[in-house]
Amino acid sequence: MPFFLAMFLAALAIPTFVAHAQDGKGLVKAELLADTTAIVPGKSFNVGIRLTVEPAWHVYWTNPGDAGLPIRVTWKLPEGFTASDLQFPTPIKFVQPGDIVGYGYEQEVMLIATINAPVGVKLTSPVVLSADVKWLVCKDVCIPGKATIALDLPASGDDAKPANQELFKTWTDRVPTANVLAPLVDLSHNAGQIRLDWSSDVTEVQFFPPASDDVTFSDIDVKQAGRTTTITYKAESLDGKPASLSGLNGVVGYIDKDNHRRGIVVPGVKG
Amino acid sequence: MFKTGLFALALMATASFTGFASAEAKVGEAAPAFSLQDQDGKAVSLDEHKGKVVVLEWFNEECPFVVKHYKTGNMNALAAKYAEKDVVWIAVNSSNFTTNDKNKAIAEKWSIKHPILNDANGATGKAYDAKTTPDMFIINKDGKVAYKGAIDSIKDSDSESIAKATNYVAKALDEVLADTAVSQAETKPYGCSVKYK
């Protein structure tokens, strides 16, 4: 056998373990940011977990779709501090070969939570806020990553100033709103059908079903006619489990007339 | 402004229990037939295991969720445990980049004793509607799907999650082997997307 052929065959026999040799942390940069320069005792403020993702890779929304895992956050806060639920911005949809649908984010995402500072924060020492963040980042392969991110903020009586305002506005505006009055004239949700009548022109309307271990959403179809969107879907219970859509809020994502990605919360129909 | 009629709600609830027609492998229905090559190039079919309980495990050696169950020895231990009870364990690799040689190399590296079938064109994966790795299916002695879904209850790629999780496949297999009804015949699978071509 010629040497080069032997080398070629040997190369073929070596399994490629590129995927898990790579570090998911290198593909995603995680940061913790606050919308204030200082903590005021007894006041609340917002923090953002900002992930910057390598181009062409994606991380996942609360409902990752057919595969994947959502971004998970565990807060490590000083005594007396509490964090609200994380707010995930409206995701985008990606369809992979084999019609495997995923919901998540490319390039950049910021998850926002409101932190309540206790009245008794000492004004002498800085406060360290910290979070363990885990994600799955995927392209052709999926790689888990995690990071512990922290932020030092001085505790201050009164000289707190706003910080990172633009960033917080960008991502707060992209969190799906339950206040549907602004973008919509009317919303109805009956038997697997959602109808939305928009107050201005929108594009790229998509339905993002809620995360659920009990209910499977399928055959999602979105039809746009002028300023009316009709979304149909099938919601099935898994074998042996009673189905209820109670509390399962979906999200309708869209691009508004100013070319911004926005979302609205569509309350689940009670079972 | 929310025009959610009670009648519509009732309709929706009914629809949820009656299910919808589709091509995928369904619990209680005949498992789709297949004949694919294993890592040694030998044809393996579902038909040849008629009368036996068969486990199908969707496989991709590059997927961290699959890696988790092999690096900890969990998957091989499960396959060995149930092999003693005459259960046939088969991995199916529907990744577009899979080859018999790659499957042979990974079987050696991970000491996998069961066949890893080459489904590079994805036909079998799509017949079962496998969407993630590791999607798991249990086929009973009558050739019907008895379980489909996740391997266990904790959606995580960390090895530590295995010990804390309920293994749905082991639970369902015990019930199938005891001829009792499967208490949880379907769960939501989790993992990487199957890398179809």
Sorting A:Asp221, B:Asp158 on solvent-accessible surface, 1.4 Å probe, most exposed first, gives A:Asp221, B:Asp158
From the backbone phi of the range B:39-56, what are the Karplus-calculated ³J(HN,Hα) couplings (6.51 cos²θ - 1.76 cosθ + 1.60, θ = phi - 60°) in whole Hz, Gly and Pro given as x? 5, 9, x, 8, 6, 10, 10, 5, 4, 5, 9, 3, x, 10, 7, 10, 10, 10
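Peptides A:107-114, A:124-131, A:41-48, A:262-269: what's the order by average Cβ count within 10 Å, highest mean first?
My ranking of the peptides, most packed first, is A:262-269, A:107-114, A:41-48, A:124-131.
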Which entries of B:Lys26/B:Lys188; B:Lys81/B:Lys197; A:Lys146/B:Lys104; B:Lys50/B:Lys81 show an alpha-carbon separation above 22 angstrom in the structure shown? B:Lys81/B:Lys197; A:Lys146/B:Lys104
How much of the accessible area of chain A, probe 1.4 Å, is carbon plus sulfur, in whole percent? 53
Accessible area drop of at least 40 Å² (1.4 Å probe, protein heavy atoms): which residues of the range B:114-146 qualify, relative to the chain alone? B:Lys131
Name the aspartates and glutamates eligible as straight-distance cross-link partners of B:Lys148: C-alpha to C-alpha under 13 Å, and not fewer than 8 places from it in the same chain. A:Asp239, B:Glu24, B:Glu29, B:Glu57, B:Asp129, B:Asp135, B:Glu186
How big is the A-B contact in terms of buried accessible area, both chains counted, 1.4 Å probe, rounded to the nearest 100 Å²? 4000
Taking amide H atoms as placed 1.01 Å from N in the peptide plane, list the residues 5 or more away in sequence, or in a different chain, whose amide H sits under 5 Å from that of A:Ala38. A:Lys161
Whole angstrom only: what separates the Cα centroid of the range A:152-225 from the Cα centroid of the range B:43-79? 40
HN-Hα J in Hz across the range A:95-102 - Karplus 6.51, -1.76, 1.60, θ = phi - 60°, x for Gly and Pro: 10, 9, x, x, 6, 8, 9, x
Take the alpha-carbon centre of the range B:173-197, take the same for the range A:88-121, and report the distance between them in whole Å. 29
Residue with peak Gaussian network fluctuation, chain A [Cα springs, cutoff 10 Å], from A:Asp173, A:Asp99, A:Asp85: A:Asp99
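Residues of the protein assembly as shown: accessible area per residue at 1.4 Å, in Å²?
Value for the protein assembly as shown: 45 Å² per residue.
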So which aspartates and glutamates can A:Lys257 reach, going by Cα to Cα under 13 Å and dropping same-chain residues fewer than 8 places off? A:Asp201, A:Glu204
Under 5 Å from the placed amide H of A:Ser44, counting only residues 5+ away or on other chains, we find A:Ala117
At 1.4 Å probe size, what's the solvent-accessible area of B:Lys195? Round to the nearest 10 Å². 20
When the accessible area of the range B:24-193 is computed with all protein chains present and a 1.4 Å probe, what percentage of it is carbon and sulfur? 48
For a paramagnetic label modelled at 7 Å from the Cα of A:Arg261 toward its Cβ, which residues of the range A:57-89 fall within the zone defined by backbone nitrogen distances under 13 Å? A:57-62, A:88-89
Among the listed pairs A:Lys234/B:Lys42; A:Lys234/B:Lys71; A:Lys223/B:Lys155; B:Lys42/B:Lys71; A:Lys93/B:Lys126; A:Lys93/B:Lys52, which are separated by more than 30 Å between their Cα atoms? A:Lys234/B:Lys42; A:Lys234/B:Lys71; A:Lys223/B:Lys155; A:Lys93/B:Lys52
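The values are calculated or read from the model by the stated rules, or taken from the named source; none is laboratory data. All values reported here derive from a predicted model rather than from experimental measurement. All Cβ positions, even for glycine, are placed from backbone atoms using ideal geometry, and neighbour counts span all protein chains on display. Accessible surface areas use protein heavy atoms only, side chains included; no ligands, DNA or RNA. Shrake-Rupley method; radii C 1.70, N 1.55, O 1.52, S 1.80 Å.
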